[in-house]
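The values are calculated or read from the model by the stated rules, or taken from the named source; none is laboratory data. Computed from a predicted model, the values in this text were never measured in an experiment. Backbone-built Cβ (ideal geometry, glycine too); neighbour counts: all protein chains shown. What goes into the accessible areas is simple: the full protein's heavy atoms, side chains included, and nothing from ligands, DNA or RNA. Shrake-Rupley method; radii C 1.70, N 1.55, O 1.52, S 1.80 Å.
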Amino acid sequence: PGRDLAPTLTSDELTLVFARNRKLWISRRQNITEAFGKAEPLADSVNSEANREDPSITGDGLLLVFSSARENGGKASEIWLSERKSLDEPF
């Protein structure tokens, strides 16, 4: 495992996104009275070899914003945006 950092929830509290081991992870549940399901890393279209951190998801769960180390190994970070058209699609 590792430390789970910067958790963020959708407004309905059914989707949770967080950072773990330089990648972004997602977990879902059917209703707010049950526990979240098994966390899964987001797709390679979001995660890469660069450090991904500080996720924030919009209330509707369709837009994900996060910071990342530059792909070329520089010290600066970049802000990334990942959008999906429906909750059934991956980021």
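Which of the strands (runs of 3 or more DSSP E) contained wholly in segment 20-91 include at least 3 residues that are under 17 Å from GLY2 (Cβ atoms) and open to solvent by less than 40 Å² (accessible area, probe 1.4 Å)? Steps first, please.
Numbers: elements: 23-28, 52-57, 63-69, 77-83.
Qualifying strands (runs of 3 or more DSSP E): 23-28.
Out of curiosity, is GLU49 at pLDDT 95 or above and farther than 16 Å from PHE91 by Cβ? Spell out how you get there, then give the answer.
Details: at pLDDT 95 or above: no; farther than 16 Å from PHE91 by Cβ: yes.
Here the answer is no, as GLU49 does not meet what is asked.
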